[in-house]
Amino acid sequence: MRAVALAAFLIGLPATAFAGGFDVVVPGRPGVPIIINNIDASYTVVEGVWGLGKNQQVQPTIYGGRYIAERQPEDVGHYYPTLGLRPGYGRLEVEPPANRKLPKPAESYHQSWGAQSA
């Protein structure tokens, strides 16, 4: 089924996709997407020669991918300047009112140790 869909997709590609070479992106693990510039490129055709083996940076063209919105970082303890948010400083402390009901005082506790020779 996927082979038929891929063949139909390749027939519809423009001729420029074949001129510079193209790659069909297949994820190494199922369920783990391949993200290129916020586009899910899993099982799509990527046009352009690019990667670590080349000495140039080329903007790839992705045919058939879907856009993935940028996610906010889940770690609240880190500062990301690109988000435009100010970092949090200090602790969030709430001062209780002066006329609140106080808890019972704790009971006294005392323990001692001793040692002597036989």
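The values are calculated or read from the model by the stated rules, or taken from the named source; none is laboratory data. Here the structure is a predicted model, which means the values were calculated and not measured. Cβ atoms come from the backbone with ideal geometry, glycine included; neighbour counts cover every protein chain shown.
Which numbered condition in (1) among the aliphatic types (A, V, I, L, M); (2) at pLDDT 80 or above; (3) surrounded by 10 or more Cβ atoms within 10 Å (Cβ to Cβ) is the only one that Ala98 fails? Just one mismatch for Ala98, condition (3).
For segment 27-84, the set of residues classified as modelled with pLDDT of 75 or more and among the aromatic types (Phe, Trp, Tyr) consists of Tyr43, Tyr63, Tyr67, listed by residue number.
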